[in-house]
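The values are calculated or read from the model by the stated rules, or taken from the named source; none is laboratory data. It should be emphasised that the depicted structure is a prediction, and the values quoted were computed from it without experimental measurement. Every residue, glycine among them, receives a Cβ derived from its backbone with ideal geometry; neighbour counts consider all protein chains shown.
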Amino acid sequence: MGTKYYDSAAVMQVIGCSMLNPSLLEDNGEYFYNEADFVNDFHKVVFGSIFNLYQMGAKKVSILDIENYLSNRTESLGIYNAHRGPQWLQEIVASADLANFDYYYQRMKKMTLLRGYEKEGVDVRFLYNPDELFDLEKKKRQEDYLDSLSLNEISDIIDNKILDVRSTYVDNATDEIKLIGSTVDDILEQIKQTPLVGFPLYGKFINAIHRGARRGTYHIRSAPTNVGKAIPNNTRIPTPNGYKYVKDIKEGDYLFGSDGLPTKVLKIHPQKEKKRIYVLLLEDGRMAECCKEHLWGCEYFENGKWISTTKSTEEILLNIDKREYYLPLAKAAQYKEKKMSQDPYLLGTILKHNCFYEDVEIPYDILQSSVYQKICFLKGFFSEKEKSNGNKDIVWFGDVNENLRRGLLEICYSLGLYVSNQSCSFHYSDLENLLKKNQDKQRVKISSIFISNRFSDMTCFTVEAKDSLFLMNNFIVTHNTRYMIADMCYMACSELYNTNTRQWETHGKKHNTLYISTEQTVQEITTMCLAFLSGVSENKIVLNQYETEDEYQRVLYAANVLKNSPLYIEEMPDFTMKDVENCIKRSIRTHKVKYVFFDYIQSSVSILGEISRMSGGTKLREDNVLFLLSAKLKDIATKFDVFIETSTQVNGDFKTEKIPDQNLLRGSKAIADRADFGAILLNATVEDLDALEDDIKRYGLPVPNVKLSVYKNRGGSWNRIFLWMVADRGTCRFDTAFITDFDYKLITDVPEYIITSDEEED
């Protein structure tokens, strides 16, 4: 075997139980397998066959299934036959103990973990020694002790043992302990020569708050996402020009907003890899396909009031048993009036009398017609139709053919009516009022979410609508880091166009800077950089629609500035912590980078695998993973003496929480534990502006549209404050207007800049 830390009996039980019940192989957070669990090549072949057959849909795996699977795999089949595969499998299936599967699985994983330590040269015999042959009582105590421990407990015991050795023989520095006062003169002289400030970042006041981009520090800036996460490419979406597949929608096309009005698509964000499809079901029978990260603007009822929030599909799924979530019903989709050969009301009456025939369906022109035309059609279709149970507000259409039923549902959905698909009924009272459509906000409950076995290419959209919402299939309302771009460009580029003076201005030295992108492409980053440098909106740049020749020339000049700037970018959609560290080390070595921007902290397939291997196969929760990644970034900043700024997303509570702090960080508030500076960028709300109104009028202050909530500022003079800004997201420019504390009290003693040093590159 090559190692003594291998329990063949446990492995055989895992394989035998997996054949009888392949669902044990489901990646559900309870059991997790990898190749390292199987040392013997024969065991690898057998288990790999079972695992792959299960992924292909097998509900039970027989010996014949395995032989058929291996028939075209010559090398694996040879290993299988050399070890008398059929006879061996018969024996282990007959002895498989499903009732005790968990014990055997844990036993196998513990051996994997111990084997991993052994491979790295760590002697773990103090914990468990398989070579103990003579003292049977001691052997039994070891076995019982190992059985009593979890994987994490085993890892902690071994790691603590290593730390004990280190503290005794390496870190024992008693003779080096000094009085704090003994170094004070040296520190003062050092500060005199090199003030403890960093290179200034973009924006008024911000450098006074945190003393600039100091090397060795780690900043976290968070914000809600403005991109509605991925929708499958084969989803049909209603548009003012008819239905379109997601894959066929282009920048500049129009969708319907939640208000029923056309809204322009500003940006297309194709996803770089296929995503698993999640299916969201509404209580009225509608459904939507999306990914687990897809964001929904939803509501729930608590303590006598409706609370608005934003939740991902995954977050709703995890909490749907504890809380009822509702989506808003859209306003009527404002299609243009159609020229029709037949009056809609008359057409409705005709179809009513032929609704039993299977080939009768609602014409496409009606489905894509104006609100008025649809209402006329409905009134014609339901004229003189019997009301069910004497309820004048309910009209049943369950007695029509399936084609008509689907068409009637689509019309009702497009009008923003609540429709019960199960009972095939809808509210019919006072249809004329639908022409005005100023109804109170209505909601439809999310009844369930299930995870499919299908994967799909997906696309995100950014739309022009103020609420960033648009209508997807079945007229369901759904959702849509620029701040970092400003800091990055200000750091690496020496010139910036001043839109007030209409001049290009030099603002300092160029500093070698690295941008690591986990989501956006080089093209997307480049256009945002050009927008920031030139002061020309990104949308104009990507559409090549400049209002003046001057705007075009400014973009060309910005392109030249960018070409001559030491700004480096690395696309890293899937990464491990080691990948991030190596990327930064390589940039330091080859490009002398001292400033790093990492966009953004998130889980990835590779980082999950990396951490699983580090923990002996134990799967950690997302909050644990994100904390480890954040801690690693801080360690890198300190170790390599670089400044690191990263971004995160916030959770859906940002809409309701009065104090925006680390509790809003999506995944875990612990992400901010190791940070030197933490802030969240949010839109200014109506409530905010009401609270600020008096000071804005009294002092003639600009009216802000965003706020930067500073909740952590290690080493700075101001903390738990709001920086109120006038932001132009089109140019990625954020100009600070004034500062308040979290109670909206104006702070007036903050200088615009305190940084005078302009450090030279090494």
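What to note about this one:
- Of all residues in region 701-735 being buried (at least 24 other Cβ atoms within 10 Å of the Cβ) and aliphatic (A, V, I, L, M), the one that is farthest from E645 (Cα to Cα): M725
- For region 620-630, the condition holds for no residue, the condition being that it is at pLDDT 75 or above, of a type in the set (D, E, K, R) and under 20 Å from the mean Cα position of the chain (by Cα).
- For L681, the conditions (1) outside any strand (DSSP E or B); (2) at pLDDT 80 or above are fulfilled apart from (1).
- Any hit, region 723-743, residues being in contact with a Gly (Cβ under 7 Å, 6 or more places away or on another chain), small (G, A, S) and outside any strand (DSSP E or B): no
- Residue match in region 652-668 (condition: part of a helix (DSSP H, G or I), modelled with pLDDT of 80 or more and under 22 Å from the mean Cα position of the chain (by Cα)): no
- The residues in region 87-140 that are of a type outside the set (G, A, S) and over 27 Å from Y31 (Cβ atoms) can be counted, and the count is 15.
- Selection within region 211-249: residues that are part of a strand (DSSP E or B) and among the small types (G, A, S). The member of this set that is modelled with the lowest pLDDT is G228.
- Residue check, A82 modelled with pLDDT of 85 or more and touching a Cys at 6+ places or on another chain (Cβ under 7 Å): no
- Boolean, A737 is aliphatic (A, V, I, L, M), within 30 Å of M528 (Cα to Cα) and under 23 Å from the mean Cα position of the chain (by Cα): no
- Qualifying positions in region 453-481 - assigned to a helix (DSSP H, G or I) and either at pLDDT below 65 or not assigned by TED's automatic domain parsing to the domain that holds R286 (or both): N474, F475
- In region 118-152, the residues that are within 15 Å of Q106 (Cβ to Cβ) and either modelled with pLDDT under 80 or touching a strand residue (DSSP E or B) at 6+ places or on another chain (Cβ under 9 Å) (or both): N152
- When each of F450, F377 is tested for being under 32 Å from the mean Cα position of the chain (by Cα), of a type in the set (A, V, I, L, M, F, W, C), at pLDDT 80 or above and on the phi < 0 side of the Ramachandran plot, the lone residue that passes is F450.
- Only one entry in A691, A727 is among the aliphatic types (A, V, I, L, M) and either modelled with pLDDT of 85 or more or within 20 Å of the chain's Cα centre (by Cα) (or both), namely A691.
- Those residues of region 250-261 which are at pLDDT below 85 and either among the hydroxyl-bearing types (S, T, Y) or in contact with a helix residue (DSSP H, G or I) (Cβ under 6 Å, 6 or more places away or on another chain) (or both), in sequence order: S258
- In region 89-127, residue nearest to Q13 (Cα to Cα) [restricted to those that are surrounded by fewer than 18 Cβ atoms within 10 Å (Cβ to Cβ) and aromatic (F, W, Y)]: Y103
- Whichever residue in region 380-411 is modelled with pLDDT of 65 or more and either of a type in the set (D, E, K, R) or out of contact with any helix residue (DSSP H, G or I) (no Cβ under 8 Å at 6 or more places or on another chain) (or both) and, among such residues, is surrounded by the most Cβ atoms within 10 Å (Cβ to Cβ): L409
- Matching helices (runs of 4 or more DSSP H) fully within region 1-107 where at least 2 residues are within 37 Å of the chain's Cα centre (by Cα) and of a type in the set (A, V, I, L, M, F, W, C): 8-20, 41-55
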